[in-house]
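Worksheet for the structure shown next.
The values are calculated or read from the model by the stated rules, or taken from the named source; none is laboratory data. What you see is a predicted model; the values in this text were computed from it and never measured. As a convention, Cβ positions derive from the backbone with ideal geometry for all residues, glycine included, and neighbour counts pool all protein chains shown. Areas reflect the complete protein model, heavy atoms only, side chains present, ligands, DNA and RNA absent. Shrake-Rupley method; radii C 1.70, N 1.55, O 1.52, S 1.80 Å.
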Amino acid sequence: MKNTFSQAMAWLHTWAGLVIGWLLFVIFVGGTIACFDKELTHWMQPALHGHERSADRVSLDAAMAQLQKVSKEHPHAYYITLPGERSKSLEGGVYYDAGDPDLLSLDPTTGAKIPETAGGDFFFTLHFNLHSPTWGMYIVGVAGMFMLIAILTGIVIHKRIFKDFFTFRPSSGGQRAWLDGHNLTGVLGLPFHLMIAYTGVAIFVANYMPAGLYTAFNGDVEKFFVEASDSYERPETHKPLKTIHSLDALVADARARLGQPVTWASVHHPDDTSATISFGGDHSQDVAWNFRQVFYDANDGRFLHISGPMAAGYKTYTFIGGMHMAQWGGSALRWLYFVMGIAGCVMIASGMQVWVNKRAKKIAEAGSLSGYGLVQALNLGVVGGLPLASAAMVIANRLIAADAAARANAEITVFCAVWIAATLYAAIPAVHKRGWGRFFALNAAAFALIPLVNLATAPNSHLLAALGRGDWSLAAVDLTAFALALGFAVLARRSFAKARQPAPERKPRRGRAGAATDTPADDTPAGGAPALADR
């Protein structure tokens with residue numbers, strides 16, 4: 001252990017950040033994009049663009065008929081999400097007690113199935129469980145706890161926290177620029193990053209520590225949620241249900257009882273006479289998740305139950321979840337979360353690069369095939385390759401045939417293939433030594449291609465068409481892609497310019513024993529404070 005408390009905290013900060021840094025970067029990128037997951041999904045559904053649709057013409061019964069067609073044996077529940085301000089399609093899903101659900105997207109007016117897409121939901125799922133429902137959730141939880149450790153120890157050791165907020169010297173390049181970027185984005189987003197790390201872990205507290213829940217409810221998890229949120233559940237009779245009562249006939253009554261528009265509907269145990277139909281309202285009205293529901297008998301449509309006030313503890317839990325998910329506050333809040341998410345991505349990426357740059361001499365001595373070389377390659381492959389793969393997936397959405405089988409899986413395959421190829425390219429020693437400029441340039445080109453490919457392939461979806469109709473949520477995807485392309489282009493230009501400059505002269509400085517040592521002139525930040533990774 002280090003000699004002083006400050007040194008111990010610096011050691012913990014460095015290694016907590018490095019060991020889990022690449023995973024945290026993936027989680028942050030996924031979460032940042034997921035701030036606009038519904039808007040991205042809509043962009044990736046060009047079949048819905050350019051046509052007027054009325055919400056009054058949506059048929060839940062027609063959607064239910066479609067779900068029954070794709071359903072396998074013994075479904076646990078049918079779910080239908082109605083189109084709204086952010087999502088324009090009618091989304092349906094058949095969920096089972098085990099295995100993956102069957103999902104489909106429908107035209108809200110005609111009820112016709114539209115071409116499938118991985119959409120923004122791919123990034124949302126990547127964010128919270130890495131597309132591995134059980135193990136991924138636990139891995140993300142561990143990463144969240146490591147992030148909390150890194151943030152708290154960073155606060156302890158950061159003696160110039162307010163001064164560094166105003167210190168950024170990108171023209172200096174090298175170690176100093178990376179360190180300034182790490183400090184600036186870390187301080188800028190400090191309250192947000194603390195909140196997002198804590199709430200992200202707290203959301204799954206019942207999954208991470210289930211002992212109390214299992215003890216209090218004798219292992220009946222369903223009973224816990226029924227009591228905590230005042231939900232409603234009936235034991236199965238194991239008698240077949242012949243026909244599900246019309247959902248459309250119940251919507252008006254459900255809207256009146258809830259006192260707000262209905263945004264989703266579900267049928268639990270749809271093959272059993274114990275089946276219930278439930279309707280729920282909007283999550284965007286309050287910070288806390290809205291779990292208020294009204295329940296009907298699926299046999300005859302008889303009213304059964306309406307949720308009352310939640311228990312104080314569960315209300316607190318839903319507030320914490322709402323703070324993390326940002327479904328409230330409108331587009332302005334989501335843009336704030338998006339910008340803070342980008343700041344978090346920069347903070348993580350620059351922090352890992354600070355670690356590499358501070359050990360440049362050791363890396364040169366150990367060689368590219370050492371552990372240091374592996375860190376170099378992973379930094380470039382993960383940080384440079386993940387945005388590239390994300391852009392490639394969005395471009396693939398426009399290039400893959402609309403009637404292609406397993407179209408959503410094909411988009412995900414493109415994402416994985418590009419990311420793997422980028423990582424293998426980054427592993428080449430000649431690349432990962434000076435590869436940042438190349439990857440910045442590749443990302444700039446990829447993000448610039450998104451609106452251009454959209455223009456060439458989707459006459460009702462491209463930027464000019466969207467602006468002509470006043471469809472700003474659709475246009476925002478292309479505009480954001482242009483902005484990211486510009487940002488990466490600036491970074492590429494700076495990286496190439498820095499690479500052409502001669503190496504900095506090494507100035508002798510006195511070591512602790514009085515001997516002169518050779519150190520790059522920009523090794524220490526202004527003010528004489530030791531660099532973060534040195535402490």
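Screening the stretch 1-93 for helices (runs of 4 or more DSSP H) wholly inside it with 2 or more residues that are closer than 30 Å to R234 by Cα returns the ranges 60-70. Please find, within the stretch 50-71, the residue that is nearest to A249 (Cα to Cα) out of those that are modelled with pLDDT of 85 or more, open to solvent by less than 40 Å² (accessible area, probe 1.4 Å) and among the aliphatic types (A, V, I, L, M). Result: L60. On inspection, G341 passes the criterion of being open to solvent by less than 50 Å² (accessible area, probe 1.4 Å) and closer than 30 Å to A481 by Cα.
Name the residue that is surrounded by the most Cβ atoms within 10 Å (Cβ to Cβ), counting only residues in the stretch 233-246 that are hydroxyl-bearing (S, T, Y) and without any contact (Cβ under 8 Å) to a residue 60 or more places away in the chain. So, considering only residues that are hydroxyl-bearing (S, T, Y) and without any contact (Cβ under 8 Å) to a residue 60 or more places away in the chain, the one surrounded by the most Cβ atoms within 10 Å (Cβ to Cβ) is T237. In this structure, is A249 within 25 Å of P75 (Cα to Cα), touching a Gly at 6+ places or on another chain (Cβ under 9 Å) and surrounded by 15 or more Cβ atoms within 10 Å (Cβ to Cβ)? Judged against the criteria, A249 is not a match. Right, T423: modelled with pLDDT of 85 or more, in a helix (DSSP H, G or I), farther than 30 Å from S87 by Cα and not hydrophobic (A, V, I, L, M, F, W, C) or not? The answer is yes for T423. In the stretch 259-266, is there at least one residue being more than 26 Å from S71 (Cα to Cα), open to solvent by 30 Å² or more (accessible area, probe 1.4 Å) and in a helix (DSSP H, G or I)? No, that holds for no residue.
Screening A410 against (1) open to solvent by less than 50 Å² (accessible area, probe 1.4 Å); (2) out of contact with any Cys (no Cβ under 9 Å at 6 or more places or on another chain); (3) in contact (Cβ under 8 Å) with a residue 24 or more places away in the chain; (4) small (G, A, S) leaves a single unmet condition, (3). Please enumerate the residues belonging to the stretch 16-55 that are within 16 Å of N397 (Cα to Cα) and either among the small types (G, A, S) or without any contact (Cβ under 8 Å) to a residue 24 or more places away in the chain (or both). Matches in the stretch 16-55: A47 only.
Okay, residues lined up against (1) modelled with pLDDT of 90 or more; (2) assigned to a loop (DSSP other than H, G, I, E, B); (3) under 16 Å from V251 (Cα atoms); (4) in contact with a Pro (Cβ under 8 Å, 6 or more places away or on another chain):
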residue: D282; (1), (2), (3), (4): no, yes, yes, yes
residue: N290; (1), (2), (3), (4): no, yes, no, no
residue: Y296; (1), (2), (3), (4): yes, no, yes, no
residue: G301; (1), (2), (3), (4): yes, yes, yes, no
residue: L304; (1), (2), (3), (4): yes, no, yes, no
residue: G313; (1), (2), (3), (4): no, no, no, no
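Just so you know, in the stretch 99-112 the residues that are open to solvent by 80 Å² or more (accessible area, probe 1.4 Å) and assigned to a loop (DSSP other than H, G, I, E, B) include one that is modelled with the lowest pLDDT, and it is T110.
Scanning the stretch 113-143 for residues that are open to solvent by 60 Å² or more (accessible area, probe 1.4 Å), among the β-branched types (V, I, T) and either outside any helix (DSSP H, G or I) or on the phi > 0 side of the Ramachandran plot (or both) turns up just one, T134. Consider L82 carefully, then state whether it is under 26 Å from V477 (Cα atoms), out of contact with any Phe, Trp or Tyr (no Cβ under 7 Å at 6 or more places or on another chain) and among the aliphatic types (A, V, I, L, M). Answer is no for this residue. Quick check, is D230 open to solvent by 50 Å² or more (accessible area, probe 1.4 Å) and either closer than 23 Å to R292 by Cβ or of a type outside the set (S, T, N, Q) (or both)? The answer is no for D230. Checked against (1) within 26 Å of the chain's Cα centre (by Cα); (2) in a helix (DSSP H, G or I); (3) more than 28 Å from L380 (Cα to Cα), A465 passes all but a single condition, namely (1). Contact map, the stretch 248-265: residues that are touching a residue at least 24 places away in the same chain (Cβ under 8 Å) paired with residues that are part of a helix (DSSP H, G or I) and of a type in the set (K, R), Cβ distance under 8 Å, separation 6+ or inter-chain. Pairs shown: V262/R255.
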